[in-house]
Amino acid sequence: MVRDLNDYKIRMAVFDWLGEQSTRFDDVIPRKVLEAGVPFQGGVVRIIGPQGIFKPAQLQLPISITTSPNSPYDDHLSDQGYLAYKY
């Protein structure tokens, strides 16, 4: 059961939008596009902040969608092609 249906809907909208942008930009979405945020129900959900893990105002928990090739953490692509984000 989903604890917060609105939180769930926002996250699904964010990841649907990211999928579209990933196709549009061949997997590497420009930071400026990410900084503009995701349109959602007449507003915008900000998905990245100036640094690190970010919590959009509309969500109860943080969302993290970026990494860096110079990350101090051991971020890497898994064998299945997913980003393994080591925090």
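The values are calculated or read from the model by the stated rules, or taken from the named source; none is laboratory data. Please read all numbers here as calculations on a predicted model, not as lab measurements. Please note: Cβ atoms are built from the backbone with ideal geometry, for glycine as well, and neighbour counts cover all protein chains shown. Note: accessible area is taken over every heavy atom of the protein model, side chains too, but ligands, DNA and RNA are not part of it. Shrake-Rupley method; radii C 1.70, N 1.55, O 1.52, S 1.80 Å.
Counting only residues that are under 12 Å from the mean Cα position of the chain (by Cα) and polar (S, T, N, Q), which one in segment 55-69 is modelled with the lowest pLDDT?
Only one residue tops the list, namely THR67.
Do we find that ILE10 is in contact with an Asp or Glu (Cβ under 7 Å, 6 or more places away or on another chain) and either modelled with pLDDT of 85 or more or among the small types (Gly, Ala, Ser) (or both) in this structure? Spell out the reasoning first.
Working: in contact with an Asp or Glu (Cβ under 7 Å, 6 or more places away or on another chain): no; either modelled with pLDDT of 85 or more or among the small types (Gly, Ala, Ser) (or both): yes.
No.
Mind listing just one residue for me: the one in segment 1-54 that is of a type in the set (Val, Ile, Thr) and in a helix (DSSP H, G or I) and, of those, nearest to the chain's Cα centre (by Cα)?
So the first thing to find is which residues in segment 1-54 are of a type in the set (Val, Ile, Thr), and the list is 2, 10, 14, 23, 28-29, 33, 38, 44-45, 47-48, 53.
From what is left, the residues that are in a helix (DSSP H, G or I) are 10, 14, 23, 33.
Values: ILE10: 11, VAL14: 7, THR23: 15, VAL33: 12 Å.
Checked segment 1-54; the qualifying residue nearest to the chain's Cα centre (by Cα) is VAL14.
Among all residue pairs at least 6 apart or on different chains, which show Cβ distances below 8 Å where the first residue, located in segment 41-56, is under 14 Å from ASP7 (Cβ atoms) and of a type in the set (D, E, K, R) and the second is open to solvent by less than 60 Å² (accessible area, probe 1.4 Å) and not in a loop (DSSP other than H, G, I, E, B)?
As it stands, the answer is LYS55/ILE63, since those pairs meet every condition given.
Can you tell me which residues in segment 13-32 are under 16 Å from PRO56 (Cβ atoms) and open to solvent by less than 80 Å² (accessible area, probe 1.4 Å)?
ALA13, VAL14, TRP17, LEU18, listed by residue number.
PRO50 fails exactly one of the following numbered conditions: (1) open to solvent by 60 Å² or more (accessible area, probe 1.4 Å); (2) farther than 20 Å from ASP75 by Cβ. What is the number of that condition?
(2)
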